[in-house]
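First up is the structure itself, then whatever we jot down about it.
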Amino acid sequence: MSGQRDDQGCFARVGAVVLLLLLLLGCGQRSNDVDRSRFLLWTRTAAAESTDLALLSPNREGGEAVASGTLSNPPSNRPVKVCISPGHPSTPGDKLYEAVLNRKVAFLLQGLLMSFGADTLITVDDLLASEMFAPNFNNEDQEPQFRLIPMTPEEKAEVCNRWEADFLISVHHNYAYDQNMNHSTVLYEVGRDYEERYPGAELWAELTGRQLRRALDVTEYRVRGDYSLYGTPLILLAESTMIGILTEASFYSNPDERERLNNDAYLAAEAEAIFNAFVEFYNASHHGGIGKGAVVGGADDTDDAPDGGVSEGAIRPNEAGQIMVLMYHDVRWTRSKWVRTPKQFKNDLARLVDAGYRPLSLRDFVTGHISTPRGYSPIVLTFDDGARGQFNISGRGKTIDPHSAVGILEAFRADHPEFDLEATFFLSGTVPFGQQDLIEYKLNYLVSRGMDIGNHTMGHHNLNLPKFQNRDQLQKTIGGQANFLREKLTQFPDYAIDTFALCYGQRPQWPYLRRYLKSGEYDGRRYENIAVLNVGGGPSVSPYDRQFKPMKISRIRAHNQIDRAKGLYDWLYHFEKHPELRFISDGDERTVTVPKTAVEQIDRAKLGQRRLKVIK
């Protein structure tokens, strides 16, 4: 852990919540059998007077308590119904120690959800909260373990279905023969095509994994679709009729983690993490949060927000803000680190539009020619490698595969005229997009449609390798690829191949060689790059910023997050929470509008003929 927990303080907080829990459950009744009106009135009043009742716990970074949020107004003017299913035992004697942990977290989670207005049901009915949180209760004791009632996943799903729950949270912990293993895993339901059954399930799982990573002493978190991980659906998720996730918070097979799990304060932190993720997900997906109504409008006057924007509390233009340059690779029906499925890519585009982003060409971004409509944020789309899934032609009639990236972009543009066809494809090798006889057609098609082509070396080369610590070899792989691409653009002989994306994010070892990334010569022809793009690094600063370096543009990975690197959705959430950091266009290419606090960031030499407009 990065900071020591205040165990005494945590136990006090746990005690407060357990007290509420016992009152709530009537010392053991299922929550749906209790009239909660007086309880909710009391807990909400008490919560306003004492942060202990919100079950606050020190976070990993600063040791400060972070208050949990509240649920927005639920649909149909009724409480949100959350079914909580603690895992195991499904057969007699099955994972009894884990089952005890799962029930404890489920009870704590139930108390949090109900104290903040949700209706809850726990699928099992054996050990009581009053017993499990008694001072002398021992998680390792076999006597209470043997009183646990086996229940199959199908039976638990039926309980949730009959209750007509809106959401399902299945609570688990993990076991492995490798006792050093200790990470969090959150699962959601996918089908054989690896697509989520319920839209938003992957997002909910991602938020939960991130919260668990912050709250617990685990090495990392992983988010997986059940079918993609196991090759078969998880029965509980498959048989239930509501959106759900299954959490495997940590490994009780790890001796150190098992000791922590026997501390109720640690379990309380786990429950709070799951709760916080649920609140964030619910409020975002139901009430104009993530992906909804994030368009901002208004400058230093009183104009209405753009269509679909937010007029209440609108944010003024900020052209000193940060811009996301997205990095895609392949688009196909396979799950891996660098691949987006067609459905995921479509969802990405929809999310960006709903959140107020509009595509901008890489060239316009670098040169500061930002024509993004007022109140919206520019987004730069880039694709590396030239995989066939980016641009595939099917059939004899040169029909664009609707499941390839280009096909999806074209269809999305047809449905969303405000979403311009602005994307740059960084191509390597002599068969870009994987169809030899269609190279010229594809490259000329992209440029004719307003998209761009960039350089990615002759053979996807790592420029940090010894071979390329030679200026001739370095210019050959960059200049040779530029020459090849120019030759294929027969319909556009004057088209400039002037942007370059580093392979693996690697630059030449010797600083004096790095100038050849910008310009050089091969086979009698010069190349000049106006931009060199990194792999990763986060959002870019504004092109008008003093810190903007066109030869070192950072990008955001748009892929399934299976490591700790921040991806597209992490940064979308970041800018939702910190909209003041986001580039917001003023809609006028002739002016650069910035808040007074950001004036010192601006390099006036980068403004060209544009006028700097400062707002308070």
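To keep it simple, each residue is scored yes or no on (1) at pLDDT below 95; (2) closer than 25 Å to residue 576 by Cβ; (3) open to solvent by 20 Å² or more (accessible area, probe 1.4 Å); (4) of a type in the set (A, V, I, L, M).
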{"site": "180", "(1), (2), (3), (4)": "yes, no, yes, no"}
{"site": "190", "(1), (2), (3), (4)": "yes, no, no, yes"}
{"site": "194", "(1), (2), (3), (4)": "yes, no, yes, no"}
{"site": "217", "(1), (2), (3), (4)": "yes, no, yes, no"}
{"site": "229", "(1), (2), (3), (4)": "yes, no, yes, yes"}
{"site": "237", "(1), (2), (3), (4)": "yes, no, no, yes"}
{"site": "241", "(1), (2), (3), (4)": "yes, no, yes, no"}
{"site": "251", "(1), (2), (3), (4)": "no, no, no, no"}
{"site": "276", "(1), (2), (3), (4)": "yes, yes, yes, no"}
- Out of region 592-616, which residues are touching a residue at least 40 places away in the same chain (Cβ under 8 Å), of a type in the set (Val, Ile, Thr) and under 19 Å from residue 371 (Cα atoms)? 592, 593, 594, 602
- Task: Tell me the strands (runs of 3 or more DSSP E) entirely within region 489-555 that contain at least 1 residues that are over 35 Å from the mean Cα position of the chain (by Cα).
- Result: 519-522, 525-528
- Item | Of residues in region 501-528 being open to solvent by less than 80 Å² (accessible area, probe 1.4 Å) and in contact with a strand residue (DSSP E or B) (Cβ under 7 Å, 6 or more places away or on another chain), the one nearest to residue 386 (Cα to Cα) | 501
- Query: Just checking, which of 398, 442 is at positive phi and more than 28 Å from the chain's Cα centre (by Cα)?
  - Reply: 398
- Residue within region 427-434 that is touching a strand residue (DSSP E or B) at 6+ places or on another chain (Cβ under 9 Å), within 30 Å of residue 610 (Cβ to Cβ) and either of a type in the set (S, T, N, Q) or modelled with pLDDT of 95 or more (or both) present: no
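Here is a yes/no grid of residues against (1) out of contact with any His (no Cβ under 8 Å at 6 or more places or on another chain); (2) surrounded by 17 or more Cβ atoms within 10 Å (Cβ to Cβ):
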| site | (1), (2) |
| --- | --- |
| 569 | yes, yes |
| 575 | yes, yes |
| 589 | no, no |
| 593 | yes, yes |
| 604 | yes, no |
- Message: Can you find a residue that is in a strand (DSSP E or B) and at pLDDT 95 or above anywhere in region 573-585?
- Response: yes
- Which one is most open to solvent (accessible area, probe 1.4 Å), of the residues in region 400-426 that are among the hydrophobic types (A, V, I, L, M, F, W, C) and out of contact with any strand residue (DSSP E or B) (no Cβ under 9 Å at 6 or more places or on another chain)? 414
- Are any of the residues in region 253-262 modelled with pLDDT of 95 or more and within 16 Å of the chain's Cα centre (by Cα)? no
- Query: Looking at 531, 558, which is the one that is modelled with pLDDT under 95, in contact with a strand residue (DSSP E or B) (Cβ under 7 Å, 6 or more places away or on another chain) and within 29 Å of residue 374 (Cβ to Cβ)?
  - Reply: 558
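Would region 503-523 turn up any residue that is farther than 19 Å from residue 472 by Cα, in contact with an Asp or Glu (Cβ under 9 Å, 6 or more places away or on another chain) and hydrophobic (A, V, I, L, M, F, W, C)?
no
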- Note on the structure: Per the list (1) free of Cβ contacts under 8 Å to residues at least 24 places away in the same chain; (2) open to solvent by less than 10 Å² (accessible area, probe 1.4 Å), residue check on residue 397 breaks on (2)
- Residue check: is residue 492 open to solvent by 50 Å² or more (accessible area, probe 1.4 Å), touching a residue at least 24 places away in the same chain (Cβ under 8 Å) and of a type outside the set (Val, Ile, Thr)? yes
- Message: Given the criterion buried (at least 17 other Cβ atoms within 10 Å of the Cβ), aliphatic (A, V, I, L, M) and modelled with pLDDT under 90, identify the matching residue among 353, 295, 325, 366.
- Response: 295
- Query: Across region 445-479, what is the number of residues that are more than 33 Å from the chain's Cα centre (by Cα) and open to solvent by less than 10 Å² (accessible area, probe 1.4 Å)?
  - Reply: 5
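The values are calculated or read from the model by the stated rules, or taken from the named source; none is laboratory data. This is a predicted model, so every value here is computed, not measured. In this analysis, Cβ positions are derived from the backbone assuming ideal geometry, glycine residues included, and neighbour counts consider all displayed protein chains. Remember, those area values only see protein heavy atoms, side chains included, never the ligands or the DNA or RNA. Shrake-Rupley method; radii C 1.70, N 1.55, O 1.52, S 1.80 Å.
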